[in-house]
1. For the structure I just gave you, tell me whether Ile268 is surrounded by fewer than 24 Cβ atoms within 10 Å (Cβ to Cβ) and at positive phi.
2. Please go through region 335-369 and pick out each residue that is of a type in the set (A, V, I, L, M) and either touching a residue at least 60 places away in the same chain (Cβ under 8 Å) or farther than 16 Å from Lys219 by Cα (or both).
3. Determine if region 254-265 includes at least one residue that is surrounded by fewer than 20 Cβ atoms within 10 Å (Cβ to Cβ) and under 22 Å from Gly224 (Cβ atoms).
4. State whether the residues of region 39-53 include one that is farther than 25 Å from Lys234 by Cβ, at pLDDT below 50 and either open to solvent by 60 Å² or more (accessible area, probe 1.4 Å) or not hydrophobic (A, V, I, L, M, F, W, C) (or both).
5. Starting from region 159-188, keep only residues that are in contact (Cβ under 8 Å) with a residue 24 or more places away in the chain and among the β-branched types (Val, Ile, Thr), then list their pairs with residues that are surrounded by 12 or more Cβ atoms within 10 Å (Cβ to Cβ) and part of a loop (DSSP other than H, G, I, E, B) whose Cβ atoms are within a distance under 9 Å, requiring at least 6 positions of separation or different chains.
6. How about region 305-353: which of its residues are basic (Lys, Arg), open to solvent by 30 Å² or more (accessible area, probe 1.4 Å) and not in a helix (DSSP H, G or I)?
7. What's the number of the only condition in (1) open to solvent by 40 Å² or more (accessible area, probe 1.4 Å); (2) of a type outside the set (A, V, I, L, M); (3) closer than 25 Å to Pro208 by Cα that Thr116 fails to meet?
8. Considering only region 284-297, I want to know if a residue exists there that is open to solvent by 30 Å² or more (accessible area, probe 1.4 Å), at pLDDT 95 or above and more than 21 Å from Thr225 (Cβ to Cβ).
Amino acid sequence: MLDQAARKFTTRPSLTCTAHLSAALILCLSTLHLNAQQTLLATPTTVAWGYYSARAKPVLTVKSGDTVTIQTLSTCGPPERLKTLGIPEADIPPYVADIYTKVPASEKGPGGHILTGPVAITEAEPGDVLEVRIQKINIDVPWSCNSFGAGRGFLPNDFPYSHSRPIPLDREKMIGHFAPGIDIPLHPFFGSMGIAPPESAGKYNSAPPWMHAGNIDNKEMVAGTTLFIPINAKGALFEAGDGHAGQGNGEVDITALETQLTGTFQFIVHKTQPGVTQRLLWPRAETPTQYIAMGFSEDLKTATEMAVRNMIDFLSQPPTPGAPRLPSLTRDDAYQLISIACDVDITQLVDTKSGVHVMCPKNLFATPQASH
C-alpha cells in the first residue's frame, strides 16, 4: 500500500544531473521527463466516478515514455458495507471513506466504477495509438469480495436475489481462501483500463467496454502485459480501476475477486505516420507469449465475429503503429491459422456488452518480434 502520509504527486526522475547550472545542465534537465516516474493517489479530487469522457479534466499530465503508479479503489463499496461483510476496520484504508463522503453526487455516474484519473499524455492526438505497459500490480488489502444481485449477472432468473461474501487474501502465498479446502491462485489485474471515447459519446458509462477499452475485464491483463488502445481524444486521458485479485473467463455472476490494487504503468504514444491509412480501430494486447485481439458487443456472436476479424486484420494487414512485423499472411491464411492454432475465449458475459478475445501464441512464428 502506498504511504498515506504522502498524499500528493511525486516525481522521481530516473536520470540525475550533477553539473553546475550551465548549458549542459539545462540540456540534462530537459531530458529528465523522458523517463519520469510519478505517483497518483486515489483522492476525492483524483477519481472519475463511473465514466470515461473526452471532456474530463486531467488530474495529472505526463509525457510519452513516463511511468505512473496509480492507486485505485475496489467495487466492494464504502466502509460501512465492507464492515457488514466482516472486514475489520483496520484493514480498510482511510482514503476509501474520504472518497465516498467527499465526491459530490453530481460528479458520480452514469456507471459505478470508481476510477483513478484521467492521466493525460502530452503527445497523444486522435488517430495515434497509446501503448500501456503494465509493469507492476500490487494488492493493497488482505481482502476481496464477490457479489451478485437481483436482475444482474449471466443467470439472473436462477438467482433472483442478492448475495455477497468476503474472500480473504493471503498476499504472501498469493492465494484467496474461498472456502475450507478451496484456495484460489491470485493473478491481479485491473478490470477497467481505458481512455476517453470519442467526444460525441459524452460522459460514457464505465460499465460497457468499447473502442476505448475501459471495462474489458480481461484476466490476461496482468503485470507484464501490454495494452494498445486507439486514441480518440487529445491527451488520451487514461483511467484505471475495478481491481481484481483473480477472475474466471466469463465473470458469470458479474464480479470477480474484487479488491484494491495499485498499478505501475508506462505510457508510450505511437504517432500516426503521414500517408499511412491503416489505423488501429479496436484495442489489442500482448502478453510475453500471446497476441490478443478483442471484440465487444451486446450480442455474444457479434462480439466473437469482431474478435476473430480483428485477429485476421492483425495477422494479414501491414502493422499499425506499435504493432510487431509478422510473416506476411493472406486473409485466408490468417483465418485458417486462427482455426488451427489460436484460442477464442469468452472474456466476460455481464457488462452490457459481452467481450471475446482471440489469443494467438507468439511461438507460432519463427522470429516473433515484440512491439516493445
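The values are calculated or read from the model by the stated rules, or taken from the named source; none is laboratory data. Worth saying up front: this structure is predicted, and the values here are computed from it rather than measured. Here the Cβ is made from the backbone with ideal geometry for all residues, glycine too, and neighbour counts use every protein chain on show. We work out accessible area using only protein heavy atoms, side chains counted, and drop any ligands, DNA or RNA first. Shrake-Rupley method; radii C 1.70, N 1.55, O 1.52, S 1.80 Å.
1. Criteria not met by Ile268.
2. Leu337, Ile338, Ile340, Ala341, Ile346, Leu349, Val350, Val356, Val358, Met359, Leu364, Ala366
3. yes
4. The answer is no, given that none of the residues of region 39-53 is farther than 25 Å from Lys234 by Cβ, at pLDDT below 50 and either open to solvent by 60 Å² or more (accessible area, probe 1.4 Å) or not hydrophobic (A, V, I, L, M, F, W, C) (or both).
5. Short answer, once both residue conditions are applied: Ile167/Ala245; Ile167/Leu257; Ile167/Thr259; Ile184/Ala245; Ile184/Gly246; Ile184/Leu257.
6. Here is the first cut: in region 305-353, the residues basic (Lys, Arg) are 309, 325, 331, 353.
Subsequent filtering for residues that are open to solvent by 30 Å² or more (accessible area, probe 1.4 Å) retains 309, 325, 331.
If the condition is that a residue be basic (Lys, Arg), open to solvent by 30 Å² or more (accessible area, probe 1.4 Å) and not in a helix (DSSP H, G or I), then Arg325 is the only one that fits.
7. All conditions are met except number (1).
8. Taking region 284-297 first, the residues open to solvent by 30 Å² or more (accessible area, probe 1.4 Å) are 288-290.
Subset that is at pLDDT 95 or above: 288-290.
The next check asks that each one be more than 21 Å from Thr225 (Cβ to Cβ); those that pass are none.
No, region 284-297 contains no residue that is open to solvent by 30 Å² or more (accessible area, probe 1.4 Å), at pLDDT 95 or above and more than 21 Å from Thr225 (Cβ to Cβ).
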